[in-house]
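The values are calculated or read from the model by the stated rules, or taken from the named source; none is laboratory data. None of these values were measured; they are calculated from a predicted model. So basically every Cβ, Gly included, is an ideal-geometry build from the backbone, and we count neighbours across all protein chains shown. These area figures cover heavy atoms from the full protein model, side chains too; ligands, DNA and RNA do not enter into them. Shrake-Rupley method; radii C 1.70, N 1.55, O 1.52, S 1.80 Å.
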Amino acid sequence: MSRAAERRLFQAVLCIAVLVPLIIGGIGVLRGAGWLVQGPVPTDLDSHFRYLSGIFLAAGLAFASCIPGIERKSGRFRLLGALVVAGGLARLVSALSVGMPSTGHAAGLVMELGVMPLLMLWQARIARRS
């Protein structure tokens, strides 16, 4: 595969992956924690959930800003990736201490500790080759 083709493929994959924090973060900001639990949500929990959803949404926007010129955005991409992996490690602590989360959150764990490191390695390869 040519360098240009690999770069375009990575950009396409990143366009798809960035939809997760954009959509889920946006839903979390707009709907709060109530979309994940039944019954009343404590005010502080909802506030914290919306705050974290806002950060998740902003991370999606920051990842999207890496798509054009991805080969030149290594520092930003690595920082954002490290934040995602750190969040995944925190989620792993939860899984080990209180049990595995629902399917959607377990898929998040796979994205955070599996897919994100692979994307970081792929981006580094593209940067090196350009």
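Comparing Met111, Met100, Met120 in a Gaussian network model of the chain where C-alpha atoms under 10 Å apart are linked, the largest mean-square fluctuation is found at Met100.
Helical runs assigned H by DSSP (4 residues or longer) give the chain a calculated mean residue ellipticity at 222 nm of -25500 deg cm²/dmol, each run adding -39500 (n - 2.57) before division by the residue total.
Shape class for region 54-130: prolate, because the ratio a/c of the largest to smallest gyration tensor axis (alpha-carbon atoms, square roots of eigenvalues) is 1.5 or more and a/b beats b/c. The alpha carbon gyration tensor of region 47-97 gives principal lengths a ≥ b ≥ c with a/c of 1.5 or higher and a/b no greater than b/c, which makes the shape oblate. In degrees from 0 to 90, rounded to the nearest 10, what is the angle of the helix 43-66 Cα long axis to the longest principal axis of the chain? Once rounded, one gets 10 degrees.
Across region 10-64, what fraction of all alpha-carbon pairs, as a whole percent, falls in each successive 10 Å bin from zero upward? In order of increasing distance, the bins hold 28, 43, 21, 7, 0 percent.
Solvent exposure of the chain, expressed per residue, is 61 Å² of accessible area, with all protein chains present and a 1.4 angstrom probe. When the chain is treated as a Gaussian network with alpha carbon springs shorter than 10 Å, the biggest mean-square fluctuation among Val41, Val29, Val18 belongs to Val41. The apolar share of the surface of region 59-107, taken as the fraction of accessible area on carbon and sulfur atoms (1.4 Å probe, ligands and nucleic acids excluded), comes to 71 percent. One way to sum up the overall shape of the chain is the equivalent ellipsoid from its Cα gyration tensor, whose semi-axes run 31, 16, 12 Å, largest first.
When both region 7-22 and region 64-130 are represented by their alpha-carbon centers, they are found 12 Å apart.
Taking the Cα centre of region 31-130 as reference, the dipole from Cβ charges on Lys and Arg (+1) and Asp and Glu (-1) amounts to some 560 debye.
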